[in-house]
Amino acid sequence: MNSLDFSIVFQSWPYLWSGLLFSLALTAAASVIGMILGTCFALTQHFEVPVIGRIVRAYIALIRSIPLILVLFWFFFLVPIVLGHLSGNGRPIPIGATWTAFITFGLFEAAYYSEIIRVGLRAVNRGQFEACQALALSTFDTYRCVILPQVLRVASPIILSQTIILFQDTSLVYVLSLTDLLGAASKLAQLNSRLVEMYLVVALVYLAISSAASQCVASLRKRYAIAGSRR
Amino acid sequence: MLQDNTARGANLPSAIVAVEHVVKRFGHFTALSDINLSVTAGEKIVLCGPSGSGKSTLIRCINHIEKHDGGRIVVAGVDLTDRVTDINSVRREVGMVFQSFNLFPHLSIVENCMLAPMKVRGLSSEEARERAMGVLRQVRIHDQASKYPGQLSGGQQQRVAIARALCMQPKIMLFDEPTSALDPEMVKEVLDTIIGLARDGMTMICVTHEMGFAREVADRVVFMDRGTIVEEADPETFFRAPRTERAKGFLQQIIH
């Protein structure tokens, strides 16, 4: 390796860009699915809903104790077989790599977000619940208008940190032969024998995005600290 | 008109709050034993007594934040003991002010006051805002309406908490040691607000150790100790000539 030649990066930029877009879309979709499901999961724990609460608890424990890559394999290889059995004819029903990625990441994140939100719910002062009771607010309004907004505010830095990890984890979709930013880069790198340049540039892109998001976390923390000089 | 009033008076129970033989336990600890208290509309009751005597528990039972274990509580004609009772129908008529304010930190002052009228009373946001600003003006804090609770002093926060409860237009107000979390210089502004409310004829039950306040507004002082009502009298009689030893001892302690 005599000299670095970054021209390859500029020539192949559209391909890298499409990979980056996929990574970002997957991160966005998974965090939205994860937030909605995770909040529901956390509420089943918070309300100690019989049966469902236990099932969710077990689900969260399971997901959090196995690697994401294994969950991806399960969904890609096992769920089609299960669906096939359920449909009756026994033949596997493929769900496709893209769908697998979106569903898996969403379900995986839900387990992590749920834990963050559950802890956040426990941190809300009991007086907040009592004030809602005294004002005759329904349970639904209590959570929607008073409790959850506070939980999300307090938890937003941790949720965003988790989302940064999620963004980095999207690179695992290579096992499903999907092309994310890293996947695009490594294909180009091998094709053109420009491994160093490609991996350097890709690292810089990850660094730029993740540190921008971290900055965002920091400013959120700061803003919350001012607005939230709570008693 | 007069006839109409008497006819309605005859149909309504004379007490707006009736507490009969109420018992409340926390595990093995009996917080309230055989409490009887009747409050008529417009009456101002001051509840006092040493800490742990059950006074806070009693007013928390009146709007069912604590559930009593025995006896009967009837508020504005609704029996809280009935299983079928919609508790929120009672809570709509009962305002409560807490020792630690319990304002919603993520909502501005005016939004704190608008939330329940909109969600519970079904007011539009314009109506709720108008009502909230009116009540905030009444407690003299309308110029802070767009701030957040964390930006206000304790006394101001407690006045907002009073305003928030008043926006529901309750028939009864419960105060649970409204000034004991405040710095001394802020006690007066909160008490003045409550006194103003009393002058307007609000029915209120107030747990407090502010004896000057009790003398000024109370129709009756109820002294509690160890989960029972020990003595009940008008403020002059109670402060000048308490009948029981326990009340004498308590008064001596808080005067010093």
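The values are calculated or read from the model by the stated rules, or taken from the named source; none is laboratory data. These numbers were taken from a predicted model, which means no experiment stands behind them. Note that we place each Cβ from the backbone using ideal geometry, even for glycine, and neighbour counts take in every protein chain shown.
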Selection from segment B:91-100 of residues more than 17 Å from B:VAL17 (Cα to Cα), of a type outside the set (A, V, I, L, M) and crowded, with 22+ Cβ neighbours inside 10 Å yields B:PHE98
Scanning segment B:164-189 for residues that are in a helix (DSSP H, G or I) and more than 12 Å from chain A (Cβ to nearest Cβ), the one nearest to B:GLU130 (Cα to Cα) turns out to be B:GLU189
Those helices (runs of 4 or more DSSP H) completely within segment A:112-220 that have 3 or more residues that are under 26 Å from the mean Cα position of the chain (by Cα) and polar (S, T, N, Q) are A:148-169
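Across segment B:66-105, what is the number of residues that are without any contact (Cβ under 8 Å) to a residue 60 or more places away in the chain, of a type outside the set (A, V, I, L, M) and more than 14 Å from every other protein chain (Cβ to nearest Cβ)?
9
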Restricting attention to segment B:24-43, the residues that are crowded, with 16+ Cβ neighbours inside 10 Å and part of a strand (DSSP E or B) number exactly 8
Filter segment B:114-140 for residues that are under 23 Å from B:VAL207 (Cβ atoms) and at pLDDT 95 or above; the one that is surrounded by the fewest Cβ atoms within 10 Å (Cβ to Cβ) is B:VAL135
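For segment B:148-161, give me each residue that is within 12 Å of chain A (Cβ to nearest Cβ) and part of a helix (DSSP H, G or I).
The answer is B:PRO149, B:GLY150, B:GLN151, B:GLY154, B:GLN157, B:GLN158, B:VAL160, B:ALA161.
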Considering only helices (runs of 4 or more DSSP H) wholly within segment A:1-97, the ones with at least 2 residues that are in contact with a Pro (Cβ under 8 Å, 6 or more places away or on another chain) are A:79-87
For segment B:46-90, the count of residues that are in contact with a helix residue (DSSP H, G or I) (Cβ under 9 Å, 6 or more places away or on another chain), surrounded by fewer than 16 Cβ atoms within 10 Å (Cβ to Cβ) and either at pLDDT 90 or above or under 25 Å from B:ARG246 (Cα atoms) (or both) equals 1
In segment B:155-214, anything among the basic types (Lys, Arg) and farther than 21 Å from B:LEU103 by Cβ is listed as B:LYS171, B:ARG199
Within segment A:117-147, the count of residues that are more than 10 Å from every other protein chain (Cβ to nearest Cβ) and surrounded by 19 or more Cβ atoms within 10 Å (Cβ to Cβ) comes to 5
